[in-house]
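Q: Once you've had a glance at the structure underneath, I'll fire off some questions.
The values are calculated or read from the model by the stated rules, or taken from the named source; none is laboratory data. As the structure is a prediction and not an experimental result, all values here were calculated from the model. When we count neighbours, we look across all protein chains shown, and the Cβ atoms used for this are built from the backbone with ideal geometry, even at glycine. What goes into the accessible areas is simple: the full protein's heavy atoms, side chains included, and nothing from ligands, DNA or RNA. Shrake-Rupley method; radii C 1.70, N 1.55, O 1.52, S 1.80 Å.
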4 protein chains.
Amino acid sequence: MSEDESKATRSVRLAMKMIGTHIIKTAETVQDAKVDEMIDQILHAKKIFVMGAGRSGLVGRAFAMRLMHLDLPVFVVGETVTPAIEDGDVLITISGSGETKSVVELAMVGKQCGAKLISIVSNPSSSLAKVSDIVVEVKGRSKAEKIDYLERQVRGEHYTLAPLGTLFETTSLVFLDGVISELMKVTKRDETYLRLRHTSLE
Amino acid sequence: MSEDESKATRSVRLAMKMIGTHIIKTAETVQDAKVDEMIDQILHAKKIFVMGAGRSGLVGRAFAMRLMHLDLPVFVVGETVTPAIEDGDVLITISGSGETKSVVELAMVGKQCGAKLISIVSNPSSSLAKVSDIVVEVKGRSKAEKIDYLERQVRGEHYTLAPLGTLFETTSLVFLDGVISELMKVTKRDETYLRLRHTSLE
Amino acid sequence: MSEDESKATRSVRLAMKMIGTHIIKTAETVQDAKVDEMIDQILHAKKIFVMGAGRSGLVGRAFAMRLMHLDLPVFVVGETVTPAIEDGDVLITISGSGETKSVVELAMVGKQCGAKLISIVSNPSSSLAKVSDIVVEVKGRSKAEKIDYLERQVRGEHYTLAPLGTLFETTSLVFLDGVISELMKVTKRDETYLRLRHTSLE
Amino acid sequence: MSEDESKATRSVRLAMKMIGTHIIKTAETVQDAKVDEMIDQILHAKKIFVMGAGRSGLVGRAFAMRLMHLDLPVFVVGETVTPAIEDGDVLITISGSGETKSVVELAMVGKQCGAKLISIVSNPSSSLAKVSDIVVEVKGRSKAEKIDYLERQVRGEHYTLAPLGTLFETTSLVFLDGVISELMKVTKRDETYLRLRHTSLE
């Protein structure tokens, strides 16, 4: 780092490195069986639905956009052209806590309609995880980190490198981009294929 | 890596590590002056507008959500409650290529209305960058990587760890989370403060 | 009608007239006290939240956009910059059946957080209506009309002038535009005022 | 009207009746050939894209949702799963003025990609109308009404029954619901069919 690095830049760099490191570490914890099953479900689904609230919902949309580029039949819960979910469909939900009220509620509706439920969570003992067919755990903040943050706040420090669900959200996004990479390989669809599907109306 | 690592998991892990590494490397390239100016503009803006198309638009929304948690007056271009932009406002646009038609067009409208224009781009010589007051460069794929991809496709390989704008989008997201971290410090707003602003209707 | 009116045009005209007539008839059923209370709540709310699913959600957004043009502090549930709801806020929900799962669920969360709940429904004995502080009934299809539709379907006729919630949705939109008209009068904000707030980034 | 009708209710009723009357009057102006062509294009499109900004965009979404209920391959410009537009597709744009910058710009991109362009406008000599293959005129405010509003504002009156594009937007919504009614007839898809496609995840 340069000597004249501004204080602001210092925070930004620290946060970026911490998040990057978290992603690399989490890569090692990805569970084989879960990824294989998830990819299998996606490839054999009649329709794929993606759901999440807040920033987790944005992560879901980023994933859905790439599934569309791969020409898979994907829909985002809450958007205009999303049809009824039914037997043979797959519902992928993203929620760190696994306790977001509307997400858990609608996940159960999806199951009742016959869909397979895949959840991306940081809490594998959550309500969402419990009703899911496939649970993919993506680590967010560790308990040690949470305690560290709380102690800082007690001391009146405002400094937080990645507040709230940031680590879970970003790492989920990158994990799902990893799934896209594998799907490209399996479906033999390269970047040129994706680019041709990419919307031109923007 | 375990011996029985499935092939799918292998791709996912490789992609995650590659993206994580790219984020860490890019952290070093963040330019001091730009970050300082950007934070200064955000803190002194009458209103902040965030704009982007496709996945870059989702990155913008993720950033806007945290600005709202910090109680800053932020709006997303294209959403329902977004008012007119005017003198004293700041418009933050995210576009890897810096050439997305509607984004460049509306960025110029924003400038004409008197707003300061901050752009997050991977191409600092793009149309968007040229009309911006502050240009923050976030590296996406290098030219060497692009050539490598093209050669693979010529050879009929479909394997791509991070297709299209993936590297730019994820790295921008993490960079903007770094900016949030610094904003928390400067505004003395800690996680408890953010949590209280986090929507309960989800 | 001209003799050479095409069959398609005939359907379109019939549907438009039927819906127009329904709106005019429903105008007479608007209940004094409810409108007065609703306007009073909107004008005194700390923040206003608008919520609805599907086409009712779109009606809510159209209303929210005008409230923003009036410079009232309004947010749409599910959009990016929507903060926490709290004591002193008003939550306006739109649901014909008053039974949409996520809407009812989140309406109750809103109440628990201390917000006043206004619901626009066609079914005043619904779950949503029951938990609301102010219930505005906007008539959708009458029971007689519903029976008529069912009988047609039994006879194999596919002809429907306004399927599903169409009548409720359109009439709610027009009712809420009526509320906007009154709010303009009360707040002394004319069209020029609204136009100045209208987004220029589109 | 009852004697104890509140002043607020009076405005609301007046606005509703005025808008209802406008819809009925406009029904008579619907042009045969245009509706026939529009329905023909929709039924033979490879994919249908719907686009609009602000409240016109919401009207477009309400229409798109019903097209989806009819199982037609429809997408909303700006939403997540919207793919590239190409030869054989139809792009339906809604804009009262026909001059909304981003809408006109992207309409031209759509045409260049080989799509047929249908526009719903109140101004048939607008930029959007000029580049369209089919122009459907839906009357908004008449010139006489506009002059009346301006005179009121000069006199300091704030009273407006339907400000800005309200008449165009609502009438377009109802016109497009008329088109849905005709499409149900032609495709022999009744309400039960639509209900089965209606999303259950809400």
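Q: Please turn the phi angles of region D:37-43 into ³J(HN,Hα) values with the Karplus equation 6.51 cos²θ - 1.76 cosθ + 1.60 (θ = phi - 60°), one per residue in order, whole Hz, x for glycine and proline.
A: 4, 4, 5, 4, 4, 4, 6
Q: Can you give the angle from 0 to 90° between the axis of helix C:101-112 and the longest principal axis of chain C, with both taken from C-alpha atoms, to the nearest 10?
A: Helix C:101-112 sits at roughly 30 degrees to that axis.
Q: Suppose you put the label 7 Å out from Cα in the Cβ direction; list, shortest first and in nm with one decimal, how far A:ILE147 is from each other copy's label.
A: 5.2, 7.0, 7.9
Q: Please determine, in degrees from 0 to 90 and to the nearest 10, the orientation of helix D:54-69 with respect to the longest principal axis defined by the Cα atoms of chain D, where the helix direction is its Cα long axis.
A: The angle comes out at about 50 degrees.
Q: If I build a Gaussian network model for chain C, linking alpha-carbon pairs within less than 10 angstrom, which residue out of C:GLY52, C:GLY156, C:GLY110 has the largest mean-square fluctuation?
A: Result for chain C, Cα springs under 10 Å: C:GLY156 fluctuates most.
Q: Sorted by packing (mean other beta-carbon atoms within 10 Å per residue), highest first, where do B:38-49, A:140-151 land?
A: Peptide ranking by packing, descending: B:38-49, A:140-151.
Q: Partner chain Cβ atoms within 10 Å, averaged over the residues of A:99-105 - can you pull that number for me?
A: Partner-chain Cβ atoms within 10 Å, mean over residues of A:99-105: 4.
Q: Sticking with this structure for a sec: List the accessible area buried at the contact between C and B, summed over both sides and calculated with a 1.4 Å probe, in Å² to the nearest 100.
A: 2200 Å²
Q: Pairs of Cα atoms under 8 Å, at least six residues apart: use those to get the relative contact order of chain D, whole percent.
A: Once normalised by length, the contact order is 23 percent.
Q: Give the percent of DSSP beta bridges with both residues in region A:1-153 that are antiparallel, rounded to the nearest 5.
A: 0 percent
Q: Let me ask something additional. Taking N as the number of residues in the protein assembly as shown, what is its Cα Rg relative to 2.2 N^0.38 Å? Could the numbers behind the result be given before it?
A: On the way: Rg = 26.1 Å, N = 808, 2.2 N^0.38 = 28.0 Å.
This ratio for the protein assembly as shown stands at 0.93.
Q: Can you order the peptides C:83-89, D:59-65 by their average number of other Cβ atoms within 10 Å per residue, highest first?
A: Ranking the peptides C:83-89, D:59-65 by packing returns D:59-65, C:83-89.
Q: Moving to a separate point now. Over the whole of D:108-115, what's the average partner chain Cβ count within 10 Å per residue? Rounded to a whole number, please.
A: Mean partner-chain Cβ count within 10 Å for D:108-115: 2.
Q: Given label points at 7 Å from Cα along Cα→Cβ, what nm distances, shortest first, separate B:CYS113 from the same residue in every other copy?
A: Ordered by distance, the counterparts are at 2.6, 2.7, 3.7 nm.
Q: Quick check: the distance between the Cα centres of region B:61-109 and region C:80-107, to the nearest angstrom?
A: Between the Cα centres of region B:61-109 and region C:80-107 lies a distance of 26 Å.
Q: Can you compute the label reach from D:GLU151? Point 7 Å from Cα along the Cβ direction, backbone N cut-off under 19 Å, restricted to region D:116-141.
A: D:141
Q: To one decimal in nm, how far is D:ALA84 from the same spot in the other copies, if labels go 7 Å from Cα toward Cβ? Please give the shortest first.
A: 3.4, 4.0, 4.7
Q: Residue of B with Cβ nearest the axis relating B to C, plus distance in whole Å?
A: So the closest residue, with its distance, comes out as B:GLU79, 3.
Q: Find the eigenvalues of the gyration tensor of the Cα atoms of region B:100-150, then list the square roots of 5 times those eigenvalues as equivalent ellipsoid semi-axes, largest first, in whole angstrom.
A: Ellipsoid semi-axes (Å, largest first): 27, 11, 6.
Q: Counting partner chain Cβ atoms within 10 Å of every residue's Cβ in A:53-65, what's the average?
A: That works out to 6 on average.
Q: Grab the eigenvalues of the alpha-carbon gyration tensor for region D:121-197, scale each by 5, take roots, and send me the semi-axes largest first in whole angstrom.
A: Computed over region D:121-197, the values are 35, 18, 8 Å.
Q: With N denoting the number of residues in region A:3-195, provide Rg(C-alpha) divided by 2.2 N^0.38 Å, to two decimal places.
A: Working: Rg = 18.0 Å, N = 193, 2.2 N^0.38 = 16.3 Å.
Its radius of gyration relative to the 2.2 N^0.38 Å reference: 1.11.
Q: Can you return the aspartates and glutamates within cross-link range of C:LYS111? Criterion is Cα-Cα under 19 Å, with same-chain partners fewer than 8 residues away left out.
A: Counting by Cα, and skipping residues close in sequence, C:LYS111 has these aspartates and glutamates nearby: A:GLU105, B:GLU202, C:GLU37, C:ASP40, C:GLU86, C:ASP87, C:ASP89, C:GLU99, C:ASP133.
Q: How far is helix D:143-154 tilted, in degrees, relative to the longest principal axis of the Cα atoms in chain D, given as a value from 0 to 90 rounded to the nearest 10?
A: 50 degrees
Q: May I pose another question? 7 Å from Cα along Cα→Cβ at both A:ASP40 and B:LEU14: what's the point-to-point distance in nm?
A: If labels sit at A:ASP40 and B:LEU14, their model points lie 2.2 nm apart.
Q: Would you kindly derive the ³J(HN,Hα) couplings of region B:116-127 from the backbone phi angles with the Karplus curve 6.51 cos²θ - 1.76 cosθ + 1.60 (θ = phi - 60°), listing them in order in whole Hz, with x for Gly and Pro?
A: 7, 10, 10, 10, 9, 9, 9, 10, x, 10, 7, 4
Q: Quick one: plug the Kirkwood hydrodynamic radius of region C:48-114 (C-alpha pairs) into Stokes-Einstein at 4 °C, 1.567 mPa s, and report D in µm²/s. All intermediate terms of the calculation are to be shown ahead of the outcome.
A: Numbers: Rh = 12.0 Å.
In µm²/s, the coefficient rounds to 108.
Q: If you don't mind, there's one more thing I want to ask. Given the C-alpha centroids of region B:142-202 and region D:141-173, what is the distance between them in whole angstrom?
A: Their Cα centres are 46 Å away from one another.
Q: For the protein assembly as shown, what % of the accessible area comes from carbon and sulfur atoms, probe 1.4 Å? The partial results should precede the final answer.
A: On the way: 15660 of 30080 Å².
Looking at the protein assembly as shown in its full context, I get 52 percent from C and S.
Q: Could you provide, to the nearest whole Å², the per residue accessible area of the protein assembly as shown with probe 1.4 Å?
A: 37 Å²
Q: Using a cut-off of 12 Å between alpha-carbon atoms, which aspartates and glutamates can reach B:LYS185, once sequence neighbours fewer than 8 places away in the same chain are excluded?
A: In chain and number order, the partners are A:GLU157.
Q: Let me ask something else about it. Using label points projected 7 Å from each Cα along Cα→Cβ, tell me how many nm separate A:SER125 and D:ASP133, to one decimal.
A: 6.0 nm
Q: Same structure again: Any idea how far apart A:ALA84 and D:GLN31 come out in nm if each label point goes 7 Å out from Cα toward Cβ?
A: Taking the simple label geometry, A:ALA84 and D:GLN31 are separated by 3.9 nm.
Q: Beyond a 19 Å Cα-Cα separation, which of these cross-linked pairs lie in this structure: A:LYS17/B:LYS116; A:LYS34/A:LYS188; C:LYS25/C:LYS130; C:LYS7/C:LYS146; C:LYS47/C:LYS116; A:LYS34/A:LYS139?
A: A:LYS17/B:LYS116; A:LYS34/A:LYS188; C:LYS25/C:LYS130; C:LYS7/C:LYS146
Q: Separation of region D:1-58 and region A:23-48 by C-alpha centroid, Å?
A: Spelled out, the Cα-based centre of one part sits 47 Å from the other.
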